[in-house]
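Worksheet: the structure to be examined is printed underneath.
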Amino acid sequence: MEILRKSLKKENVETALEGETREEVYAELLTLLENAKEIENKNSILKSIIKKDEVIDSYMGKGVVIVRLHIDTQKTISIAMGVKKEGLDEEVFDKEKLRIFVIIITPEPGREEYINLVSETSSLLNQGSIREDILDAKDKERIIKVLLE
C-alpha cells in the first residue's frame, strides 16, 4: 500500500472524465500527468497505450480499466486515475460500462514495486464496495481516501 500511497497524487485524479472514447479518456489522464510534470511526450505515450490495448486489452472487468506501461525514460512510477460515472459503452466480456480508469507508468519492467502496485490496485478495485465508494465520491480527496484506507 505504501507504493500506492506514495504514487497516487491528488492532482492526478479526475472525478468527472469527459472523454467519450477510451482514447479520449486516456488523453485526459495523460494530460494530468503531463501538467504535474510526471511524463514527457504525452502523444507518444498515448500512441503506445492504444497500440498495447489493441494487442492486450486493459479492461480488467467490473467496469475497471488498468493501463500498465513501461517507459525507458520514465524516472518514477506515475499513476493517473479517473472516473466516468455514466460509463463508456464498449463491447467487453462482462457487458459492464467502463467507469474507472487507471494509468500506471513505470520506469522499468519487473521491478518489485511495479508488481506490488499493480497487484494492490487490481485487488482494491476488484472489491465492489471500493468501486461503489469511488463512483460515489464527490471529490479527489475522497477517492484517494477510499483507496488508501
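What does the highest-first list of 119-125, 97-103 look like by mean Cβ count within 10 Å?
Working: 119-125: 16.4, 97-103: 21.3.
Listed from highest to lowest mean packing, they are 97-103, 119-125.
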With a cut-off of 8 Å between alpha carbons and a minimum separation of six or more residues, what is the relative contact order of the chain in percent? 28
Area projected by the alpha carbon convex hull of region 3-64, averaged over all directions, nm²: 5.1
Using a basic spin-label model with each label point 7 Å from the Cα along Cα→Cβ, how many nm lie between Glu18 and Glu96? 2.7
Provide the percentage of antiparallel DSSP beta bridges, counting only those with both residues in region 2-144; round to the nearest 5. 50
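Readers should treat all values here as calculations from the given coordinates under stated rules, not as data from a laboratory. The model shown is predicted, which means the values in this text are computed figures rather than measured ones. Because the Cβ atoms are built from the backbone with ideal geometry, glycine has one as well, and the counts that use them run over all protein chains shown.
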